[in-house]
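Below you'll find the structure, written out as structure tokens, and then a few comments.
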Amino acid sequence: MEGLMADPAACSIGREEELHWLALTLVPGLGTRMAGKLLDRFRTPQAVFRASRTELEAAGVNGAVAQSISSGCSFEDALDQQHKMAERGAVAIARSDPRYPALLREIFDPPILLFARGRLELLQPFHFAVVGTRRPTPYGLAAAERLSADLARAGLTIVSGMARGIDTAAHRGAFAAGGDTVAVLGCGVDVVYPSENRKLAADLSAKGLLLSEFAMGSIAFPQNFPIRNRIISGLSAGVLVVEGAQYSGSAITAKLALDQGREVFAIPGNITSKASWGPNLLIKQGAKLVQDWNDVIVELPAEVRRQLIERGRTRLLGNAGASQDGDPASHLQEKTEASLPEVGRKLLAVLQVDTSIHLDDLLQIVEDTSASEMIAALFELEMLGLVKQLPGKNFVKVW
């Protein structure tokens, strides 16, 4: 990615300074906004801790919190955090650090400190958020994975929350395309939530980036998620809502994005599906309707588009070797499908992208086929990336 620091380690704060940043973050009762106000007034965490109780109260801190700051009671916890960070390979990114995301620094209440594990260069632009429900339809999963992959190929870093459902599909789509992705967590970067995403978390720490404002070891409390959503939107040039109820977490993220001056996008859905109420309502209220990746790219700020084009014009405009007759990937898929046995071709004709079909129903629909032949054909289609199996022996065609 262009515009990255040549040597990120050279920008990192010293251990003593890091200790003060951690201690300020861990002061009991001191919220993000007040911590930010103190830094605006005193400039550095060291100066905050040197200030007298009278000076702190004059800055707007209540008596109990001022006493906690003056006593330095949070330094013991800060030392423990440093130990945990060293064990798990995490790094503290202070608000004053050049690596701190520029867009995030501009929001109303930016975190004063971020914990990061993984590729620190992914803190740099350009980020784009893909969010949605934890209980998606097959259509929503396919759309999130496909569009995340296409946007990652275009040079955007996909940001989501590593929750089950749409978030997971967004991260996986980016990885499948060989792109970059960042997960913003509602817990510590050393905590895996949900537990079924252990493998995804490992991939993110190795090939992507795990990011959180919550201290190491922090549990994923429900109240943490609306707080972290402002970081997802704050990092990003835009937010795409795939599926979600009218008052879901993804709807909260979209509102935060609007408040932060970000572009909001939505994928239209079936009007009879509750999962589509959120994005459909957003479209009615002015969100940009998305059918393919280019619907997003053309709406991004001109400077973002210019730099994306400079970074990889061929990725934006499509494969330079594509023939005028169409996408070579489509020709490859047609060739692959033509070489399949008859059962495989029948299955591809029956299976749909937006609706899953149970194995028992497939056995009834595809006649003159035994269960063993059907299972073998489905396995082959999965290996070719043409079919995906969902929980409960349900199958969908890959978009």
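The values are calculated or read from the model by the stated rules, or taken from the named source; none is laboratory data. Just so we're clear, the structure is a prediction, and the values are computed from it rather than from any experiment. Please note: Cβ atoms are built from the backbone with ideal geometry, for glycine as well, and neighbour counts cover all protein chains shown.
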Which pairs turn up if I take residues in the range 55-66 that are in the same structural domain as VAL27 (by TED's automatic domain parsing) and look for partners that are of a type outside the set (Asp, Glu) and assigned to a loop (DSSP other than H, G, I, E, B) with beta carbon separation below 8 Å, at least 6 apart in sequence or on another chain?
ALA59/ALA51; VAL61/LEU30; ASN62/GLY29; ALA64/GLY29; VAL65/VAL27; VAL65/PRO28; VAL65/GLY29; VAL65/LEU30
Restricted to the range 222-256 and to residues being hydrophobic (A, V, I, L, M, F, W, C) and closer than 13 Å to VAL159 by Cα, the residue surrounded by the most Cβ atoms within 10 Å (Cβ to Cβ) is LEU240
Which one is nearest to LYS274 (Cα to Cα), of the residues in the range 113-152 that are of a type in the set (D, E, K, R) and crowded, with 22+ Cβ neighbours inside 10 Å?
GLU145
Checking the condition among the polar types (S, T, N, Q), under 25 Å from THR157 (Cβ atoms) and in contact with a Phe, Trp or Tyr (Cβ under 8 Å, 6 or more places away or on another chain), which residue from GLN291, GLN260 passes?
GLN260
Sort out which residues of the range 229-263 are hydroxyl-bearing (Ser, Thr, Tyr) and assigned to a loop (DSSP other than H, G, I, E, B), and write them in order of number.
SER236, TYR247, SER248
VAL131 passes all but one of the listed conditions (1) assigned by TED's automatic domain parsing to the domain that holds GLY278; (2) touching a strand residue (DSSP E or B) at 6+ places or on another chain (Cβ under 7 Å); (3) farther than 23 Å from GLY238 by Cβ; the exception is number (3)
Just to confirm my filter: which helices (runs of 4 or more DSSP H) fall fully inside the range 264-374 and include at least 2 residues that are modelled with pLDDT of 85 or more and not assigned by TED's automatic domain parsing to the domain that holds SER148?
342-350, 359-365
If we keep just the residues of the range 91-110 that are assigned to a loop (DSSP other than H, G, I, E, B) and touching a strand residue (DSSP E or B) at 6+ places or on another chain (Cβ under 9 Å), which is surrounded by the fewest Cβ atoms within 10 Å (Cβ to Cβ)?
ARG95
Against the conditions (1) closer than 30 Å to LEU390 by Cα; (2) assigned to a loop (DSSP other than H, G, I, E, B), where does VAL130 fall short? Just the number, please.
(2)
Looking only at the range 289-303, decide whether some residue is polar (S, T, N, Q) and surrounded by fewer than 23 Cβ atoms within 10 Å (Cβ to Cβ).
yes
In the range 163-175, is there at least one residue being touching a residue at least 12 places away in the same chain (Cβ under 8 Å) and over 26 Å from PRO138 (Cβ atoms)?
no
Condition met for ARG146 (modelled with pLDDT of 95 or more, part of a helix (DSSP H, G or I) and basic (Lys, Arg))
no
Looking at (1) among the polar types (S, T, N, Q); (2) modelled with pLDDT of 95 or more; (3) in contact with a helix residue (DSSP H, G or I) (Cβ under 6 Å, 6 or more places away or on another chain), which one does GLN82 not meet, given that it meets all the others?
(3)
Hits in the range 20-41 (condition: among the hydroxyl-bearing types (Ser, Thr, Tyr) and buried (at least 23 other Cβ atoms within 10 Å of the Cβ)):
THR25
